[in-house]
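Down below is the structure, laid out as structure tokens.
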Amino acid sequence: MAPKPKDKPKGSPATVGAVGIEDLFTSLNRHIQRSEYEQSVKVSDQILAVAPGDEDAIRCKVVALIKADSIDEALVAIQESKKAAIDLSFFKAYCLYRQNKLDQALESLKGQEGSTASMLLESQILYRLGKMEASVDIYQKLQKSQIDSLEINLVAGLVSAGRASDVQGTLDSIRVKATNNFELAYNTACSLMRGRSTRMLSNCYCQLEGRRFLKLIIYKVIHVTGTVFKIGQETLMEENLADDEVEIELAPIAVQLAYVQQILANTQEAVASYTNLVKRNLADEPSLAVAVNNLIALKGPKDVSDGLRKLDKLVEKSDGPEKFQLARGLDLKLSQKQREAIYTNRMLLLLHSNKMDQARELVAVLPDLFPGSLMPVLLQAAVHVRENKAGKAEEILGHFADKFPDKCKVILLARAQVAAAAGHPQIAAESLAKIPDIQHKPATVATLVSLKERQEILMEAAAFKLRHGRKEAAARLYEELVKSHGSIEALVGLIQTAAHGNVEKAEAYEKQLKPLPGLKSIDVDSLEKTSGAKHVETVPNVGVTEPKSKDKAKQKRKRKPKYPKGFDPANPGPPPHPERWLPKRERSSYRPKRKDKRAAQIRGSQGAVTKEAAISNDTKSNQPANSKVASQNASTEQSKPSSKSRKKSRK
């Protein structure tokens, strides 16, 4: 900013110095016009040495320090200006914004909400904080103001806020074409990629048509992005920039083209593009970081060690309050979602490589780095699942779902998945039942039915083992059901089973049972000593009472057991075999007789028959015939009555 012209101060030459203050301001103005910010700071210090507390000199010094990227020195100068009672809260907010101290920057802007500059700065701070809707609201309020390139930030805010479908309407309302400059065209291409899912859902009626429409959208994105690349090259060439500077400016577009290939499922082309960008070692560090992250996500767990080496160059560990931070100032240049994606991929690679110590150390700081995000909670659960602590993972996810019910859908789905994989169908079914949006879907109903069946199968398995004398196995199943499901039936079964071998365990679980009402006044010990209640049959009252007999009922005489002859009860000998009354075929020691296969063996040439076999066959074939003849003779003999019997019958 150019300083105001100053009148020559009145006084003796000794107070003014060798050089007049007017000449100093002229020199300051010349350095500012030439963007010589270091010289501007030196001249401002000279003016302040002559005229301490001069407001214009202090403002010029602060602005020159900010332009020279000396943010810490600018904050020191602002702090020293408090003695002169000069309001530099806007510059302080901007310096804090440059240092990524966003909450302090917003606090410093309070009281200056009306000015255009403070509104622009506030919108940028909100954008960096991830509060996209609030940032877009401020940009929309500033549309009437004559601000250059406001539409670029407005489109970027709409895309980040998930309102990509509103971009074209916004551009039409302010009468701006997407191809006016390559930055606006780039943001418009991003809106096409972000809005592809919503458009596909609203315009497609079947899966085939949906794929065709998605390809049309992506091809349009490629066309627009290619146009952006050409516009950017022409614009930057007209500005006579060097080739390195042109490459830096066009690096985000190159990364975006590779991402488009990734969406199109052209995996080989996308990997080749990302690899080429990484090998070129782009000077644009944010674009290089995004390319590395996307390449690792595309490869997956195929090359874990190489992915960790590349991500370790982006993530640095420090001894300060923030244990982990991105290298080379990427924390200030990447959005919150981009930084979260980098940390998430590094965490997943650590889990795949089984480096659990580093994974625990990183997952412990993620909630502080990304407060309010779901990903740190999911990663904590993933670490516990990797350590075979599914119960702990279910507890963490359940606690978060109860604390933040508006964000619980993804968390409950993850909890159901963990519980189902760990063999806890009751917890999985409860988690799915808490999501009202998916209750009517067939897949949800089928999953709930399957989980209920698994729970009943476990109960039946425990009862089956208990019936067959496998009490320890049954107790383990009942205990697992109690811990995972909290079933009262399983608790009762566990107490009954454990009472046979582990009384202390049974008593410990018995305390979990709810006390029955009305049993507090009953003495259990005295009740156990009694012989029990006897059933008394009720007799209808006739009206005549009989006197009670005082004679006691006669007791039955105990008879001595009868033993077999020669049996000594004092020395009974070995006990009889328990299978003595079973038939021989049903005894465990029974072995059937093996048939002699040697008798059936026939030796000789093929078709030969021994004489003995032929004779035996002849005798067998003759026997039926002889038997038939004999039976016929017998029948004829029996059918002939005697002559005497005939005579008698005639009479």
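The values are calculated or read from the model by the stated rules, or taken from the named source; none is laboratory data. Since this is a predicted model, take the numbers as computed values, not measurements. Cβ: placed from backbone, ideal geometry, glycine included. Neighbour counts: every protein chain shown. Accessible surface is based on the protein model in full, side chains and every heavy atom, while ligands, DNA and RNA are left aside. Shrake-Rupley method; radii C 1.70, N 1.55, O 1.52, S 1.80 Å.
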Residues in the range 141-164 that are over 14 Å from T116 (Cβ atoms) and surrounded by 15 or more Cβ atoms within 10 Å (Cβ to Cβ) total 12
Would it be correct to say that Q325 is surrounded by 15 or more Cβ atoms within 10 Å (Cβ to Cβ), free of Cβ contacts under 8 Å to residues at least 24 places away in the same chain and either within 20 Å of D103 (Cα to Cα) or under 16 Å from the mean Cα position of the chain (by Cα) (or both)? yes
Can you confirm whether S305 is closer than 28 Å to L366 by Cα, at pLDDT 85 or above and surrounded by fewer than 19 Cβ atoms within 10 Å (Cβ to Cβ)? yes
Positions within the range 268-298 being crowded, with 16+ Cβ neighbours inside 10 Å and among the charged types (D, E, K, R), in sequence order: D284, E285
So S118 ticks every box in (1) open to solvent by 20 Å² or more (accessible area, probe 1.4 Å); (2) modelled with pLDDT of 80 or more but one. Which box is left unticked? (1)
Of the residues A254, A265, only one is open to solvent by 10 Å² or more (accessible area, probe 1.4 Å), at pLDDT below 85, hydrophobic (A, V, I, L, M, F, W, C) and not in a helix (DSSP H, G or I); which? A265
Any chance you could count how many residues in the range 142-191 are small (G, A, S), touching a residue at least 60 places away in the same chain (Cβ under 8 Å) and over 21 Å from E122 (Cβ atoms)? 1
Is it the case that some residue within the range 332-355 is outside any helix (DSSP H, G or I) and touching an Asp or Glu at 6+ places or on another chain (Cβ under 8 Å)? no
